[in-house]
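Read the structure below first, then the notes.
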């Protein structure tokens with residue numbers, strides 16, 4: 001939840017190093033303005049041949065979502081996604097206006113940088129959500145991540161992207177009965193177990209065997 005009156009936002013040195021790595025990793029992909037269609041495209045990692053599909057509905061200002069992405073998701077990725085056993089789809093389900101803006105910025109980063117932006121936004125969630133102006137802090141992160149001023153203005157100012165995310169949220173709420181974040185669907189069924197790595201590993205291995 002966004003808190004007012006907190007200290008001025010400063011980018012930690014670790015965050016600078018993290019984004020510097022991301023920028024160097026994508027020097028072959030020139031920065032450009034992402035259009036609405038690309039921004040609203042399904043965000044997925046993993047192979048198409050994976051036997052298991054996990055869909056996560058999450059909000060970038062949700063503390064439980066940050067805990068899942070900071071502590072659990074990296075292990076799931078290493079053991080199951082990177083090994084071709086699981087494909088993972090991230091669905092934005094913003095709970096407030098700053099989560100919505102953060103979702104837009106992540107989507108404006110483009111296909112190759114999307115999950116890198118998610119990683120930073122969740123790992124530094126407490127830093128940017130507790131400033132006097134979270135949106136301004138988000139723009140600083142966007143610039144550090146490689147987005148230029150004109151790209152940020154065009155993409156973040158594109159109301160069609162916001163409307164598209166909100167429409168997807170509404171559809172998900174109806175179709176998947178989302179009442180809290182994060183919510184996971186595994187192979188089309190709502191997962192009601194613990195969101196620990198051990199519990200998810202057991203569930204995934206049960207489906208694989």
Hey, any hits in the stretch 162-175 for a residue that's over 24 Å from residue 64 (Cβ atoms), in contact with a helix residue (DSSP H, G or I) (Cβ under 7 Å, 6 or more places away or on another chain), surrounded by 12 or more Cβ atoms within 10 Å (Cβ to Cβ) and without any contact (Cβ under 8 Å) to a residue 60 or more places away in the chain? no
Residues of the stretch 123-134 that turn out to be in contact with a helix residue (DSSP H, G or I) (Cβ under 7 Å, 6 or more places away or on another chain) and exposed (fewer than 15 other Cβ atoms within 10 Å of the Cβ), as a count: 0
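Per-residue answers, yes or no, for (1) touching a helix residue (DSSP H, G or I) at 6+ places or on another chain (Cβ under 7 Å); (2) within 20 Å of residue 190 (Cβ to Cβ); (3) buried (at least 22 other Cβ atoms within 10 Å of the Cβ):
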position: 47; (1), (2), (3): no, no, no
position: 51; (1), (2), (3): yes, yes, no
position: 55; (1), (2), (3): no, yes, no
position: 58; (1), (2), (3): yes, yes, yes
position: 70; (1), (2), (3): yes, no, no
position: 76; (1), (2), (3): yes, yes, no
position: 80; (1), (2), (3): yes, yes, yes
position: 95; (1), (2), (3): no, yes, no
position: 104; (1), (2), (3): yes, no, yes
Please pick out the residue among 188, 193 that is loosely packed, with under 13 Cβ neighbours inside 10 Å and touching a helix residue (DSSP H, G or I) at 6+ places or on another chain (Cβ under 8 Å). 193
Would it be correct to say that residue 120 is touching a helix residue (DSSP H, G or I) at 6+ places or on another chain (Cβ under 9 Å) and more than 30 Å from residue 206 (Cβ to Cβ)? yes
Hey, residue 124 without any contact (Cβ under 8 Å) to a residue 60 or more places away in the chain and closer than 30 Å to residue 186 by Cβ or not: no
Selection from the stretch 69-96 of residues that are over 14 Å from the mean Cα position of the chain (by Cα), under 26 Å from residue 174 (Cβ atoms) and not in a strand (DSSP E or B): 96
Tally time: how many residues in the stretch 62-81 are more than 24 Å from residue 145 (Cα to Cα) and free of Cβ contacts under 8 Å to residues at least 24 places away in the same chain? 0
Restricting to the stretch 102-115, count the residues that are assigned to a helix (DSSP H, G or I) and touching a residue at least 60 places away in the same chain (Cβ under 8 Å). 6
Residues that are closer than 18 Å to residue 63 by Cα and in contact (Cβ under 8 Å) with a residue 60 or more places away in the chain, drawn from the stretch 181-209: 181, 182, 183, 184, 195, 196, 197
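A short reminder: the numbers here are calculations on the coordinates, not readings from a lab. Predicted, not measured: the structure shown is a model, and the values here were computed from it. Using ideal geometry, Cβ is built from the backbone for each residue, glycine included, and neighbour counts are taken over all protein chains shown.
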